[in-house]
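Peer 1: Here it is: the structure, laid out below.
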Amino acid sequence: MTFPPLRNLVTALFVMLALAAGLAVLDARPAAAHDALARAVPAADETVTTELSSVTLTFSETPLAEFANAIALNVTDPTGASVTTGAPVAEGTTLSVPVEVSEAGLHTVTWQSVSSDGHTISGTYTFTYAGPVAAAAPTTPAPAASTPAASPSATAEPTAPDPTQTAAGPASTNSIPLIIGVTTFAALMLIPLIVVRLLRARRRKKAEMAAPETGGTEE
């Protein structure tokens with residue numbers, strides 16, 4: 001009976017062991033692999049030109065719901081301020097969060113989830129927003145300090161005198177001496193007339209009284 005050389009047996013044994021080890025590694029890799037981010041909307045490095053109301057991530061497996069406290073999704077604008085307007089919502093393999101973008105430019109998405117094997121997975125990526133932005137809330141102006149109302153007498157300008165009144169005043173004042181002068185002159189002119197009339201009346205009376213006496217003597 002002839003036996004194969006020992007060297008051939010050893011070689012064949014090593015080949016079989018190598019094949020078995022390779023198969024074991026291949027079988028173990030899928031079991032040990034964690035879940036991964038399969039899709040993102042918006043995607044990494046994407047430029048968004050339309051209105052954006054939410055960010056949605058899709059994973060290769062459904063995140064473990066019992067570890068909801070470890071699931072997070074946040075979006076920040078170029079200034080570092082968060083633009084999320086609510087808590088992330090998990091539905092099946094998707095995780096989404098509502099956003100309200102108020103700044104154009106580079107935005108950062110930061111996420112964390114729990115893989116189906118119980119391990120925490122996380123990541124971050126950026127996208128550029130060039131769509132319409134939400135209008136900023138108007139600021140209420142501070143009430144202006146009230147100023148006391150000015151008194152009408154303090155603010156009213158002096159009223160200019162009426163030209164007609166101004167002209168009438170001196171005219172009426174200047175006419176008084178004129179009236180007095182005219183009256184005095186008229187009185188002075190009347191005095192001689194009165195005296196003359198009185199004298200004439202007296203002479204006439206004397207003449208009338210003397211006339212009867214003369215007539216009686218002649219008889």
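Peer 1: Only one of these conditions is not met by L52: (1) under 35 Å from the mean Cα position of the chain (by Cα); (2) assigned to a strand (DSSP E or B). Which number is it?
Peer 2: (2)
Peer 1: For the range 59-101, which positions are among the hydroxyl-bearing types (S, T, Y) and in contact with a strand residue (DSSP E or B) (Cβ under 6 Å, 6 or more places away or on another chain)? Steps first, answer last, please.
Peer 2: Taking the range 59-101 as the starting set, the residues that turn out to be among the hydroxyl-bearing types (S, T, Y) are 60, 62, 76, 79, 82, 84-85, 93-94, 96.
Within the range 59-101, S60, T76, S82, T84, T85, T93, T94, S96 qualify.
Peer 1: I'd like to verify a number: residues in the range 25-46 that are at pLDDT below 85 and out of contact with any Ser or Thr (no Cβ under 6 Å at 6 or more places or on another chain), how many?
Peer 2: Number of matching residues: 9.
Peer 1: Just for the range 104-117: of the residues that are of a type outside the set (S, T, N, Q) and at pLDDT below 95, which one is surrounded by the most Cβ atoms within 10 Å (Cβ to Cβ)?
Peer 2: Let us first name the residues in the range 104-117 that are of a type outside the set (S, T, N, Q), namely 104-107, 109, 111, 114, 117.
With the extra rule that they be at pLDDT below 95, the set shrinks to 114, 117.
Working: V114: 21, D117: 13.
Among residues in the range 104-117 that are of a type outside the set (S, T, N, Q) and at pLDDT below 95, the one surrounded by the most Cβ atoms within 10 Å (Cβ to Cβ) is V114.
Peer 1: Inside the range 77-107, can you point out the residues that are polar (S, T, N, Q), assigned to a strand (DSSP E or B) and within 16 Å of V133 (Cα to Cα)?
Peer 2: Residues satisfying the conditions are S82, T84.
Peer 1: Which residue out of T56, T49 is at pLDDT 95 or above, surrounded by 11 or more Cβ atoms within 10 Å (Cβ to Cβ) and closer than 28 Å to H119 by Cα?
Peer 2: T56
The values are calculated or read from the model by the stated rules, or taken from the named source; none is laboratory data. Values in this document were obtained by computation on a predicted structure and should not be read as measured data. Counting neighbours? That spans all protein chains shown, and the Cβs are built from the backbone with ideal geometry, glycine included.
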